[in-house]
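Enquirer: First the structure, which I've put down as structure tokens, then a few questions once you've had a look.
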Amino acid sequence: MQIDEIFKEKVQFNKSNFVDLLGKIEAENQSQIADSFSEKWVSYAHNTSEAEQKKLWDFSKEWYLKLYGFKDEQDLAQFLAQCEFVFDAGCGLGYMSEWFATLAPQTKVIAMDISEAVCVAASKYKDIPNIYFIRGDIARTPFRSNVIDYVSCHAVIMHTENPEATFGELSRILKPTAVRGGGGGDSPVMRTQKKPCLAS
């Protein structure tokens, strides 16, 4: 399936594989969250040394693997290689998106964030051909139903206007077939009734 086939309506990405679909944010607290995270992440990207960013990112990768039940980076890479489309919901500066795309170069990674951090990510990772960045609201995705193989919504869903409704939206876009159930019984990788994977 081609990238344009997963959208409800035609979407035109620019040369950096970026498109802004946010529009007006109706909920005041979501607008405040978008502004706050825009300021936080854009400032972080510009004012924090590459060495410090790498240190935090290396810690975050290890935490992600442990939290979601992957034995190691190779285990995650094998899992991602089975996916056609991965959705990094609430991607921030795009570190996870870049990681997923690098581990699985044949997989298309769609990264979305409500903040301006996604603009920084699109610029930083513009040379990685299998990442597509969208500024938008993960609670109202532009995707058709049943088109995404894996959703990673790491440490984000609690910042949405209605986490339960957002979870429902993320479940709606997942394909009905399971690729992997995640880690052990205590893993936050969840199965929906359709049995796909959603990491949140």
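The values are calculated or read from the model by the stated rules, or taken from the named source; none is laboratory data. This structure is a prediction, so every number in the text was calculated from the model and none was measured. Glycine also receives a Cβ, built like all others from the backbone with ideal geometry; neighbour counts cover every protein chain displayed. Each accessible area value is taken on the protein alone, full model and side chains, heavy atoms only, with ligands, DNA and RNA left out. Shrake-Rupley method; radii C 1.70, N 1.55, O 1.52, S 1.80 Å.
Enquirer: Tell me which residues, restricted to the stretch 137-161, are in contact with a Leu (Cβ under 9 Å, 6 or more places away or on another chain) and on the phi > 0 side of the Ramachandran plot.
Expert: Of everything in the stretch 137-161, just one residue is in contact with a Leu (Cβ under 9 Å, 6 or more places away or on another chain) and on the phi > 0 side of the Ramachandran plot, namely Asn146.
Enquirer: Starting from the stretch 41-65, keep only residues that are over 16 Å from Cys119 (Cα atoms) and in contact (Cβ under 8 Å) with a residue 24 or more places away in the chain, then list their pairs with residues that are open to solvent by 70 Å² or more (accessible area, probe 1.4 Å) and in a helix (DSSP H, G or I) whose Cβ atoms are within a distance under 8 Å, requiring at least 6 positions of separation or different chains.
Expert: Short answer, once both residue conditions are applied: Lys61/Glu73.
Enquirer: Further, regarding this structure: Restricting to the stretch 104-139, give me the number of residues that are of a type in the set (Lys, Arg) and under 14 Å from the mean Cα position of the chain (by Cα). Show your work before the answer.
Expert: Going residue by residue through the stretch 104-139, those that are of a type in the set (Lys, Arg) are 108, 124, 126, 135.
In the following step, the residues that additionally are under 14 Å from the mean Cα position of the chain (by Cα) were identified as 108, 135.
Residues meeting the conditions: 2.
Enquirer: While we're here: Of everything in the stretch 81-107, what is crowded, with 24+ Cβ neighbours inside 10 Å and part of a strand (DSSP E or B)? Give them in sequence order.
Expert: Val86, Phe87, Asp88, Ala89
Enquirer: Look through Thr160, Thr177 and report the one residue that is among the β-branched types (Val, Ile, Thr), out of contact with any Phe, Trp or Tyr (no Cβ under 7 Å at 6 or more places or on another chain) and surrounded by fewer than 16 Cβ atoms within 10 Å (Cβ to Cβ).
Expert: Answer to the selection: Thr177.
Enquirer: For the stretch 108-124, what are the residues that are open to solvent by 40 Å² or more (accessible area, probe 1.4 Å), part of a helix (DSSP H, G or I) and within 21 Å of Glu169 (Cβ to Cβ)?
Expert: Scanning the stretch 108-124 gives no hits.
Enquirer: With (1) at pLDDT 90 or above; (2) touching a Gly at 6+ places or on another chain (Cβ under 9 Å); (3) surrounded by fewer than 12 Cβ atoms within 10 Å (Cβ to Cβ); (4) not charged (D, E, K, R) as the list, and Gly23 as the residue in question, which single condition is left unmet?
Expert: (1)
Enquirer: Same structure, new question: Here are some residues: Asp137, Asp127. Which one is open to solvent by 20 Å² or more (accessible area, probe 1.4 Å), in a loop (DSSP other than H, G, I, E, B), in contact (Cβ under 8 Å) with a residue 40 or more places away in the chain and not small (Gly, Ala, Ser)?
Expert: Within the list Asp137, Asp127, the selection yields Asp137.
Enquirer: Which residues, counting only those in the stretch 49-80, are open to solvent by 40 Å² or more (accessible area, probe 1.4 Å) and touching a helix residue (DSSP H, G or I) at 6+ places or on another chain (Cβ under 8 Å)?
Expert: Within the stretch 49-80, Lys61, Lys71, Asp72, Glu73 qualify.
Enquirer: Taking the criterion of being at pLDDT below 90 and on the phi > 0 side of the Ramachandran plot, would at least one residue in the stretch 162-181 satisfy it?
Expert: The answer is no; no qualifying residue exists.
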